[in-house]
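Visitor: Take this structure, written in structure tokens, and hold onto it; I'll ask about it next.
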Amino acid sequence: KMAAGAAAGAGAAAAGLWSEVNRCGQNGDFARALKSVNKILQINKDDVTALQCKVVCLIQNGNFKEALGVINTHTKVLTSDVIAFEKAYCEYRLNRIESALKTIQSASQQTDKLKELYGQVLYRLERYDDCLAAYRDLIRNSQDEYEEERKTNLSAVVAAQSTWEKVVPEDLGLREATYELCYNSACALIGQGKLNEAMKKLQKAEELCRQSLSEDSDVTEEDIEAELAIIHGQMAYIMQLQGRTEDALQLYNQIIKLKPTDVGLLAVIANNIITINKDQNVFDSKKKVKLTNAEGVEHKLSKKQLQAIEFNKALLAMYTNQADQCRKLSASLQSQSPEHLLPVLIQAAQLCREKQHAKAVGLLQDFADQHPANAAEIKLTMAQLKIAQGSVTKACMILRSIEELQHKPGMVSALVTMYSHEEDIDSAIEVFTQAIQWYQQHQASQTRAANPKSPVHLSLIREAANFKLKHGRKKEAISDLEELWKQNPKDVHTLAQLISAYSLVDPEKAKVLSKHLPSSDTMSLKVDVDALENSHGATYVRKKAGKLTGDNQQKEQGQGEVKKKKKKKKGKLPKNYDPKVTPDPERWLPMRERSYYRGRKKGKKKDQVGKGTQGSTTTGSELDASRTASSPPTSPRPGSGAAVSAASNVIPPRHQKPAGAPATKKKQQQKKKKGAKGGW
């Protein structure tokens, strides 16, 4: 009886505790609910319902690690079928994404909650195709109040595909009624390069966001600005892509001043500011790098975003002359992504800054040998380094070794220009010949792709002919021009070039070919000569023959007035001009070049100021120029209070120079000792 009474008492106590748990759960007081659950577990430690409630309370309180510990401790009671969602959710929130995926996939029954979480996990793992399929299935088979959130997530997946995988997004037919949907649509447009359209979407998203948040009286203006921070950050990014770096920088700094709680947003903005600064304002860039190192950033950004931040850290280390740090970061990046170009290019750039060009070229050559798929871009960099060293011929050899580019018109043009600079005309012609042969072999599939009316190889033949004519290879040029004329006999321009070339080698042949030129009658153009002469661009004015007399001298209405001819003014003669005296024939020559110049007479110098040895004195009458009536007034000393009267006609002292002052200064400079240094 005593045992039965104890059991009945425990049951009554448990019932009261369960009522407390239920009431606290409905009120959202999960801390008190957790206390009641713990008391229930003291009565029965293996109560499955109580353990489940404890896990839920811990999750609601944000204690994901403790909740996962409870699940792992009671694996016999809390089987995967019972607690699969809670376990996967705790792993997801603890950023154990791979573990969460395994937990979801191992569940025997895929509930709607697990499917929702499965979509989130796939998005974090950047498996966008699978994620898109998961959300489409959820939207198709679910009907509840969370439909708008699912559509938002679906649009986020499409935006990620457009941005990171360069996939052209399909039209989902979503009505952009919320600012989240507008924002995701703008991100997808940015991925396609449609920047103007994306900016309009972001402006619409900002407007919708303000309207949505302003309806809540508890939301302040600061809360609205904090919510708009991510939209403004994307606007600044578009400005940066459009080259409006000053506007972008201003908007980025405004967002940082708001101190948003999203560490991912701050890291992206800081990285973008660093890219704007480049090798300038490196101290500001060093401050911004700290924002990219914040805790939890690696869980907020995609792999490509994190990789871009690490690349910029390496470049910043190079710009700040931290060679060891730059090498360490670039080597780490290369080990993570062995086939990526940027790490090896950063290492080569650092070696070039250290004047180790040969080592840089060797490093690039090793990478090109190990990764042939990326060899083209590496070899272009190698060629650039060779040109910087002055080895143009070696640069040409490297460029010609890039098989997938050697026939491209741009590459042909670059090689011909470089060989011409080195005066290696034979090699330049060989480049033309090889490119023309390649296009002739691939004519059916390649040459007419860009411009069906003008095959690429014919354009190259024309360029080759012009080049050969320019460098005196007339016979070779004639062969090319004949090929062109054969392809298009109606091309008058090619025929004229061919006749011109033959006229220098075989005049008779030129005469024969000239018969193929069209007659002047067929080539005459109907031109209104009067209209042409009266046009604004006409520079030739027809002179009227003969003089006009009588009424003909009056101008017709609307033609304007004829300018009168200006009479030539007679040249002015000197005041002392004497017509009886013959002018000096050497008057236009400088005095020193005239035949009668005898030079200055020695011993008769006008200025004797400051002559003699140092310390010698002269009479007061020689130095006191103020006693003479003709001497100019001296400048007032600073602070003496002397001033020039406004009514005075005397020129201010600063406009005058005392006679002999320059000579005195020159003499004093000559007397200074050569070995004297500094001092007063």
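Visitor: Taking Ile238 and the conditions (1) open to solvent by 40 Å² or more (accessible area, probe 1.4 Å); (2) over 24 Å from Arg150 (Cα atoms), which numbered condition does it fall short on, given that it satisfies the others?
Guide: That leaves (1) as the condition not met.
Visitor: Now for a different question. Looking only at the stretch 326-373, which residues are under 25 Å from the mean Cα position of the chain (by Cα) and farther than 19 Å from Leu315 by Cβ?
Guide: Passing the criteria: only Glu339.
Visitor: Right, next: Only one of Lys328, Lys355 is assigned to a helix (DSSP H, G or I) and basic (Lys, Arg). Can you tell me which? Show your work before the answer.
Guide: Working: Lys355 fails: assigned to a helix (DSSP H, G or I).
Of the residues listed, the single one that is assigned to a helix (DSSP H, G or I) and basic (Lys, Arg) is Lys328.
Visitor: For Ala270, indicate whether it is closer than 22 Å to Ala160 by Cβ, buried (at least 19 other Cβ atoms within 10 Å of the Cβ) and without any contact (Cβ under 8 Å) to a residue 24 or more places away in the chain. Even if it seems obvious, please write down each step before you answer.
Guide: On the way: closer than 22 Å to Ala160 by Cβ: yes; buried (at least 19 other Cβ atoms within 10 Å of the Cβ): yes; without any contact (Cβ under 8 Å) to a residue 24 or more places away in the chain: yes.
Taking the combined requirement at face value, the residue satisfies it.
Visitor: Which one is farthest from the chain's Cα centre (by Cα) among residues in the stretch 102-131 that are more than 22 Å from Thr152 (Cβ to Cβ) and not hydroxyl-bearing (Ser, Thr, Tyr)? Even if it seems obvious, please write down each step before you answer.
Guide: Residues of the stretch 102-131 more than 22 Å from Thr152 (Cβ to Cβ): 102-103, 105-110.
Filter again for not hydroxyl-bearing (Ser, Thr, Tyr), leaving 102, 105, 107, 109-110.
Details: Lys102: 43, Gln105: 45, Ala107: 49, Gln109: 51, Gln110: 48 Å.
Selected residue: Gln109.
Visitor: For the structure I just gave you, tell me whether Lys288 is part of a helix (DSSP H, G or I) and open to solvent by 80 Å² or more (accessible area, probe 1.4 Å). Please lay out each step first, then the result.
Guide: Details: part of a helix (DSSP H, G or I): yes; open to solvent by 80 Å² or more (accessible area, probe 1.4 Å): no.
No.
Visitor: Conditions: (1) within 33 Å of the chain's Cα centre (by Cα); (2) loosely packed, with under 14 Cβ neighbours inside 10 Å. Ala159 meets all but one. Number of the miss?
Guide: (2)
Visitor: Now for a different question. In the list Gln42, Gln52, which residue meets the criterion of being exposed (fewer than 14 other Cβ atoms within 10 Å of the Cβ) and part of a helix (DSSP H, G or I)?
Guide: Matching residue, one of Gln42, Gln52: Gln42.
Visitor: Something else now. Determine which member of the set Ala464, Ala501, Ala496 is closer than 18 Å to Val431 by Cα and in a helix (DSSP H, G or I). Outline the logic, then answer.
Guide: Working: Ala501 fails: closer than 18 Å to Val431 by Cα; Ala496 fails: closer than 18 Å to Val431 by Cα.
After ruling out the rest, the residue left standing is Ala464.
Visitor: Here's something else I'd like to know. What are the residue pairs meeting all of these: first residue in the stretch 92-106, first residue at negative phi, second residue among the acidic types (Asp, Glu), Cβ atoms under 7 Å, and 6 or more apart or on different chains?
Guide: Ser99/Glu91; Ala100/Glu91; Thr103/Glu91
Visitor: Could I ask something else about it? Quickly run through the stretch 291-310 and pick out the residues that are open to solvent by 40 Å² or more (accessible area, probe 1.4 Å) and in contact (Cβ under 8 Å) with a residue 40 or more places away in the chain.
Guide: Hits for the stretch 291-310 are His299, Lys303, Lys304.
Visitor: Pairs, please: C-beta under 7 Å, at least 6 apart or cross-chain, first residue modelled with pLDDT of 55 or more and in the stretch 528-543, second open to solvent by 80 Å² or more (accessible area, probe 1.4 Å) and assigned to a helix (DSSP H, G or I)?
Guide: Short answer, once both residue conditions are applied: Ala538/Leu532.
Visitor: Continuing with the same structure: Report yes if some residue within the stretch 62-72 is open to solvent by 70 Å² or more (accessible area, probe 1.4 Å), touching a residue at least 24 places away in the same chain (Cβ under 8 Å) and over 26 Å from Glu295 (Cβ atoms); otherwise report no. I'd like the intermediate steps shown before the answer.
Guide: Within the stretch 62-72, the subset open to solvent by 70 Å² or more (accessible area, probe 1.4 Å) is 65-66, 72.
Still in the running and touching a residue at least 24 places away in the same chain (Cβ under 8 Å): 65.
With the extra rule that they be over 26 Å from Glu295 (Cβ atoms), the set shrinks to none.
Checked the stretch 62-72: no residue is open to solvent by 70 Å² or more (accessible area, probe 1.4 Å), touching a residue at least 24 places away in the same chain (Cβ under 8 Å) and over 26 Å from Glu295 (Cβ atoms).
Visitor: Further, regarding this structure: Return the residues of the stretch 73-98 that are open to solvent by 30 Å² or more (accessible area, probe 1.4 Å) and under 44 Å from the mean Cα position of the chain (by Cα); say none if nothing qualifies.
Guide: Tyr89, Tyr92, Arg93, Leu94, Asn95, Arg96, Glu98
Visitor: Further, regarding this structure: Please tell me if Thr152 is β-branched (Val, Ile, Thr), open to solvent by less than 40 Å² (accessible area, probe 1.4 Å) and out of contact with any Gly (no Cβ under 6 Å at 6 or more places or on another chain). So that I can check it myself, show each step before the final result.
Guide: Values: β-branched (Val, Ile, Thr): yes; open to solvent by less than 40 Å² (accessible area, probe 1.4 Å): yes; out of contact with any Gly (no Cβ under 6 Å at 6 or more places or on another chain): yes.
So Thr152 passes the test.
Visitor: Turning to a different aspect of this structure: Within the stretch 245-285, which residues are within 20 Å of Asn321 (Cα to Cα) and assigned to a helix (DSSP H, G or I)? Walk me through it before giving the result.
Guide: Here is the first cut: in the stretch 245-285, the residues within 20 Å of Asn321 (Cα to Cα) are 271, 273-285.
Passing the criteria: Asn271, Ile273, Ile274, Thr275, Ile276, Asn277, Val282, Phe283, Asp284, Ser285.
Visitor: Could you look through the stretch 162-202, keep only residues that are assigned to a loop (DSSP other than H, G, I, E, B) and closer than 18 Å to Tyr237 by Cα, and pick out the one that is nearest to the chain's Cα centre (by Cα)? Walk me through it before giving the result.
Guide: In the first step, residues of the stretch 162-202 are kept if they are assigned to a loop (DSSP other than H, G, I, E, B); the result is 165-178, 193-194.
Still in the running and closer than 18 Å to Tyr237 by Cα: 166, 193-194.
Numbers: Lys166: 20, Gly193: 14, Lys194: 17 Å.
The selected residue is Gly193.
Visitor: Shifting gears a bit: Mind counting the residues in the stretch 186-198 that are under 15 Å from Glu176 (Cβ atoms) and surrounded by 18 or more Cβ atoms within 10 Å (Cβ to Cβ)?
Guide: Residues of the stretch 186-198 under 15 Å from Glu176 (Cβ atoms): 186-189, 197-198.
Within this subset, residues satisfying the condition of being surrounded by 18 or more Cβ atoms within 10 Å (Cβ to Cβ) are 186-189, 198.
Final tally of qualifying residues: 5.
Visitor: Given the criterion at pLDDT 90 or above, of a type in the set (Gly, Ala, Ser), touching a helix residue (DSSP H, G or I) at 6+ places or on another chain (Cβ under 8 Å) and farther than 27 Å from Gln161 by Cα, identify the matching residue among Ser285, Ser302. Talk me through it step by step, then tell me what you get.
Guide: Values: Ser302 fails: farther than 27 Å from Gln161 by Cα.
On inspection, the qualifying residue turns out to be Ser285.
Visitor: Moving to a separate point now. Can you find a residue in the stretch 493-506 that is open to solvent by 70 Å² or more (accessible area, probe 1.4 Å), under 54 Å from the mean Cα position of the chain (by Cα) and modelled with pLDDT of 75 or more?
Guide: Yes, the stretch 493-506 contains a residue that is open to solvent by 70 Å² or more (accessible area, probe 1.4 Å), under 54 Å from the mean Cα position of the chain (by Cα) and modelled with pLDDT of 75 or more.
Visitor: Give the stretch 273-285 a look and list any residue that's surrounded by 21 or more Cβ atoms within 10 Å (Cβ to Cβ), among the aliphatic types (A, V, I, L, M) and closer than 19 Å to Ala349 by Cβ, or say none.
Guide: From the stretch 273-285, those surrounded by 21 or more Cβ atoms within 10 Å (Cβ to Cβ) are 273-274, 285; that's our starting set.
Pick out the ones that are also among the aliphatic types (A, V, I, L, M) and you get 273-274.
Passing the criteria: only Ile274.
Visitor: Right, Ala226: farther than 22 Å from Arg124 by Cα, open to solvent by 50 Å² or more (accessible area, probe 1.4 Å) and hydrophobic (A, V, I, L, M, F, W, C) or not? Spell out the reasoning first.
Guide: On the way: farther than 22 Å from Arg124 by Cα: yes; open to solvent by 50 Å² or more (accessible area, probe 1.4 Å): yes; hydrophobic (A, V, I, L, M, F, W, C): yes.
Criteria met by Ala226.
Visitor: Identify the single condition in (1) closer than 22 Å to Glu483 by Cβ; (2) modelled with pLDDT of 85 or more that Gln441 does not satisfy, given that it satisfies every other one.
Guide: Result: Gln441 fails condition (2) only.
Visitor: I've got another one for you. Among what's in the stretch 392-404 and is more than 17 Å from Ser420 (Cβ to Cβ) and at pLDDT 85 or above, pick the residue that is most open to solvent (accessible area, probe 1.4 Å).
Guide: Narrowing the stretch 392-404 to residues more than 17 Å from Ser420 (Cβ to Cβ): 398, 401-404.
Narrowing the set further to residues that are at pLDDT 85 or above leaves 398, 401-402.
Details: Ile398: 26, Ser401: 52, Ile402: 4 Å².
That would be Ser401.
The values are calculated or read from the model by the stated rules, or taken from the named source; none is laboratory data. Values in this document were obtained by computation on a predicted structure and should not be read as measured data. Counting neighbours? That spans all protein chains shown, and the Cβs are built from the backbone with ideal geometry, glycine included. When the accessible area is computed, the model is the full protein with side chains, heavy atoms only, and any ligands, DNA or RNA have been set aside. Shrake-Rupley method; radii C 1.70, N 1.55, O 1.52, S 1.80 Å.
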